[in-house]
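Okay, structure first, notes after.
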Amino acid sequence: RKEVEQDPGPFNVPEGATVAFNCTYSNSASQSFFWYRQDCRKEPKLLMSVYSSGNEDGRFTAQLNRASQYISLLIRDSKLSDSATYLCVAENRDDKIIFGKGTRLHILP
Amino acid sequence: GAGVSQSPSNKVTEKGKDVELRCDPISGHTALYWYRQSLGQGLEFLIYFQGNSAPDKSGLPSDRFSAERTGGSVSTLTIQRTQQEDSAVYLCASSLAPMRDTQYFGPGTRLTVL
């Protein structure tokens, strides 16, 4: 089983819709979690950290479920500019950083 | 500049040659990370530096790969006797503190081994 797994997509979603994707992690010792966004042929950029209590940043909400070992990202009122690949990241106590392969999102006009 | 810079941006080399990739982190960032991203694949964590030392080198794909960081700043990733499977984008990132802190990525070096 891969350490961090994501549905590769693509998710094709009409503009204005709400979209959610999950990411599962296998190492229960994982301590910190993040969502990064990567545009085509660009470097990843941090979208948001994921806290145990869940956190929201504008249209974006991230949740962590330690019992089921997954994190989620919800995007409300999606914009064309949200089209990108979303990378899930888990950092472990043994100083390993594991990126998922990403979920491709296409927002359709 | 204010961001992470990497050089060269593109490198084409012949199989068997050595290559050296350079990363200039954001000033003041103590942690520096190297990743590899192959076409259609996710980021593969290679190594990270806390200051000048790398606590764990087990992420490096083979003994042909080595990395060093001097002066707590610039880092170089060296690949000896390159193979075609080494072709990828090599990304460097830095953060204020090691782990659990926002990583800022450079634009990457696209390596093509013919």
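Using a Förster radius of 30 Å, what is the FRET efficiency between A:Ser26 and B:Lys57 based on their Cβ-Cβ separation? Nearest 0.05, please. According to the calculation, E is roughly 0.85. By the beta carbon rule, with partners counted only under 4.7 Å, the protein assembly as shown holds these lone Cys residues: A:Cys40.
Partners of A:Lys2 within straight-line reach, counting lysines whose Cα lies under 26 Å from its Cα and excluding those fewer than 8 residues away in the same chain: A:Lys42, A:Lys45, A:Lys96, A:Lys101, B:Lys57.
Shown for chain B is the translational diffusion coefficient from the Stokes-Einstein equation, using the Kirkwood radius over Cα pairs, a temperature of 25 °C and a viscosity of 0.890 mPa s: 176 µm²/s.
Modelled spin-label separation between A:Thr18 and A:Ser81, with each label point placed 7 Å from Cα along the Cα-to-Cβ direction: 2.3 nm. Once each part is reduced to its C-alpha centroid, what is the distance from segment A:52-109 to segment A:5-24 in angstrom? Cα centroid of segment A:52-109 versus Cα centroid of segment A:5-24: 10 Å apart. Approximating the spin labels as points 7 Å out from Cα along Cα→Cβ, the A:Ser53-to-B:Gln83 distance works out to 4.9 nm. Rounded to the nearest 5, what is the percent of antiparallel bridges among the DSSP beta bridges in chain B? Taking every DSSP beta bridge with both residues in chain B, the antiparallel ones total about 90 percent.
Sorting B:Asp24, B:Asp63, A:Asp7 by the number of Cβ atoms found within 10 Å of their own Cβ, with the fewest placed first, yields B:Asp63, A:Asp7, B:Asp24.
Computed from the coordinates by the stated procedures, all read-outs in this text should not be read as laboratory data. Predicted model, so just to flag it, every value in this text is computed and none were measured. FYI the Cβ positions are ideal-geometry reconstructions off the backbone, even for glycines, and counts take in every protein chain you see.
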